[in-house]
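Read through the structure below, which is laid out as structure tokens, and then see the notes.
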Amino acid sequence: MNIKTIKVGELRTNCYIVSDDKEALVIDPGFEIEKIAPEIAGLKVKAIVLTHGHYDHVTEAFGLGAPIWIGEKDEFMLLHSTGKKADRPLKDGEMLQGFKIILTPGHTPGGICLYNEKEKVIFTGDTLFAGDHGRTDLPGGSESEILSSLKKLLDLPPETRVYPGHGRPTTIGDEQNLLQ
Ligand SMILES: [Zn+2]
């Protein structure tokens, strides 16, 4: 599995291109489609997966010609941010292209993480960053929900590599004292 990180927009959102040979997922194409498009040339993009509905993660999603997937409880935010609906609303526990969808509300009501147990990789959006967690003071945010979401994530194997929505990668093991 190849993971390419492209930092997009003023908020330096991490857009990830996850590929195997000829197929790819694009995670959070927030802005700067001109930087993303060349990286997916020659790949069959199976889906655009949005970790949550904030504009800095979704704004360019509809320009890449692939189905849009988002957590079902964040669909209204996508509609608000882009005026368009998702192709597939995601539920907790669904499997997609080898990734398990883990519902992690708190930053937004329907935020999701994408966890690949075999590859020991998780994409955490704005739920878990290196040394921090996402804001809970925006509309739909909840401190108590993000704490229970973080508990779920920190139960994953410590060697799991974490690719967050902003900032540098980390591991579950390195974030174990986040809640202490
Ligand atoms: Zn956000």
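The values are calculated or read from the model by the stated rules, or taken from the named source; none is laboratory data. Remember, predicted model here, so these are calculated numbers, not experimental data. Positions of Cβ are backbone-derived with ideal geometry, glycine not excepted, and every protein chain shown enters the neighbour counts. Note: accessible area is taken over every heavy atom of the protein model, side chains too, but ligands, DNA and RNA are not part of it. Shrake-Rupley method; radii C 1.70, N 1.55, O 1.52, S 1.80 Å.
When you scan the stretch 90-101, do you find a residue that is within 16 Å of the ligand (Cβ to nearest atom) and either at pLDDT 95 or above or out of contact with any Lys or Arg (no Cβ under 7 Å at 6 or more places or on another chain) (or both), even just one? Checking the stretch 90-101: not a single residue is within 16 Å of the ligand (Cβ to nearest atom) and either at pLDDT 95 or above or out of contact with any Lys or Arg (no Cβ under 7 Å at 6 or more places or on another chain) (or both).
The residues of the stretch 142-160 that are under 14 Å from C113 (Cα atoms) and surrounded by 12 or more Cβ atoms within 10 Å (Cβ to Cβ), listed by number, are I146, S148, S149, L150, K152, L153, L154, L156, T160. Take the residues of the stretch 161-172 that are open to solvent by 30 Å² or more (accessible area, probe 1.4 Å) and of a type outside the set (S, T, Y): which is farthest from G131 (Cα to Cα)? Across the stretch 161-172, the extreme among qualifying residues is R161. Among residues of the stretch 36-56 that are open to solvent by 40 Å² or more (accessible area, probe 1.4 Å) and assigned to a loop (DSSP other than H, G, I, E, B), those with a Cβ under 6 angstrom from a residue that is hydroxyl-bearing (S, T, Y) and at pLDDT 95 or above, sequence gap 6+ or separate chain, pair up as L43/S19.
From the list G134, G106, G111, which residue is within 15 Å of the ligand (Cβ to nearest atom), buried (at least 19 other Cβ atoms within 10 Å of the Cβ) and under 22 Å from L64 (Cβ atoms)?
Working: G134 fails: under 22 Å from L64 (Cβ atoms); G106 fails: under 22 Å from L64 (Cβ atoms).
Unique residue meeting the criteria: G111.
Please work out which one of (1) more than 16 Å from the ligand (Cβ to nearest atom); (2) in a strand (DSSP E or B) is the condition G65 fails and give its number. That leaves (2) as the condition not met.
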